[in-house]
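**Q** Have a look at this one.
Every number here is computed from the coordinates shown, using simple stated rules; none is lab data. Computed from a prediction, not measured in an experiment: that's the story for all the values here. Here Cβ is always computed from backbone atoms with ideal geometry, including for glycine, and neighbour counts include all displayed protein chains.
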Ligand code: GDP
Ligand code: MG
């Protein structure tokens, strides 16, 4: 898949002019690749229209380098689809959390429960595992074996047939023992599908988990959306873990699961071993989906595509008056390490460490400035009393405040140069 999408982008990058035809072809190629990767038809449609909207209807697209806007739109829209906008519950050390795992038989629940427990145990939590799968013979033994290997306390029964009883007893036992992360493994199969969801609902009502995690096998293809949705509807899923990413490495299912559950993917399983478990991060995942192995290589390959975060600030720089507040945002981005290309255009190449220290100092001083001061572009506003106040507030010398104003002046000039440059480039682009 990734290869196809990046080659679609590449073809567009190679085309001398990006007209509607080239753009449409690129979008169609991307759509086809996503469909082949089991991304749901509706999701692909949304992606296409979002990108079109951004590129065509947005007046800004005309003012910028159009190619870059398209590349950025593809990347950022894929990122958005994997980000439901709200983070999932995360366990706290100082209060006991109960986390319940749900998902179909074979999806990897029992394996993933242990991985999850092990992950938090390494970070200093005191996890415990409860086996509420009383349907499948051998389920408890499997959990017991995994838990023993990882040195994690477990609870279960060979004789009790009611999963709710086992779960409630397990949770109570571990709460008494001051375990702060109690994880419930459940069954994924039943005589009837309806009965499975009924059981999950009862388990949830009886144990009141802080988080329900839906575990999904990455290889289930187009079934992902429906499956995720069914679990969401019955037990209010709050997070997703996608397993077996080692075998198939398809991303389509993850997109569907996020769309269906409106919950984030929090981890991915990349093998059978307990350590084959990774934090899920949207940007690297999307890069991988686009066929780019590492992000830094990607930056070189299709320049500026990853600078999704920077787009907004870039627009401010290009379209608004350069206030101290915009300088503040710029400095923050620079410290995050995310505005390097713009930085190299704007600032003389100083020693990196030295400028980092300076930037931090400037930020502290700007924290002592009022809204009015930050929103102004006129340094005449900065009377002596104000300068004294800023220096005092930040615990700095008056001369250092002046130094910051000098930097501001320098940047104001650089930014206006950059504006000119971008406008000239834009003319080239659309007249050639
Ligand atoms: P459950 O029925 O949902 O509890 O699923 P299990 O935890 O028993 O896992 C089913 C099978 O998938 C087992 O053979 C696991 O070893 C395997 N499995 C689970 N997660 C992964 C993964 O991330 N990668 C691979 N390759 N295999 C996995
Ligand atoms: Mg199991």
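**Q** Given a cut-off of 29 Å, what percent of all Cα-Cα pairs of region 97-275 lie beyond it? Write out the running numbers ahead of the final one.
**A** On the way: 2049 of 15931 pairs.
Considering region 97-275, 13 percent of its Cα-Cα pairs are separated by more than 29 Å.
**Q** Can I ask one more? Would you kindly state how much longer the chain becomes between residue 202 and residue 21 on full extension, computed as 0.36 nm times their sequence separation minus their alpha carbon distance, in nm to one decimal?
**A** My answer for the length gained is 59.7 nm.
**Q** Residue separation times 0.36 nm, minus the C-alpha to C-alpha distance between residue 160 and residue 413: what's the value?
**A** Values: separation 253, 0.36 × 253 = 91.08 nm, distance 7.59 nm.
Answer, rounded to one decimal: 83.5 nm.
**Q** Okay, next question. Taking 0.36 nm per residue of sequence separation and subtracting the Cα-Cα distance, how much length would be gained by fully extending the chain between residue 92 and residue 148, in nm to one decimal?
**A** 17.8 nm
**Q** How high is the FRET efficiency between residue 278 and residue 312 when r is their beta carbon distance and R₀ equals 30 Å, given to the nearest 0.05? List each step's numbers first, then the result.
**A** On the way: r = 29 Å, r/R0 = 0.96.
Working from the Cβ atoms, E equals 0.55.
**Q** Based only on other Cβ atoms within 10 Å, what is the fewest-to-most ordering of 131, 79? Walk me through the numbers on the way to the answer.
**A** On the way: 131 26, 79 18.
Starting with the residue having the fewest Cβ neighbours, the order is 79, 131.
**Q** Shifting gears a bit: At a 10 Å Cβ-Cβ cut-off, how would you order 34, 411, fewest neighbours first?
**A** Details: 34 24, 411 20.
Going from least to most buried by this count: 411, 34.
**Q** Sort 255, 335 so the one with the fewest other Cβ atoms within 10 Å of its own Cβ comes first. Working shown, then result.
**A** Numbers: 255 27, 335 13.
Ascending Cβ contact count within 10 Å gives the list 335, 255.
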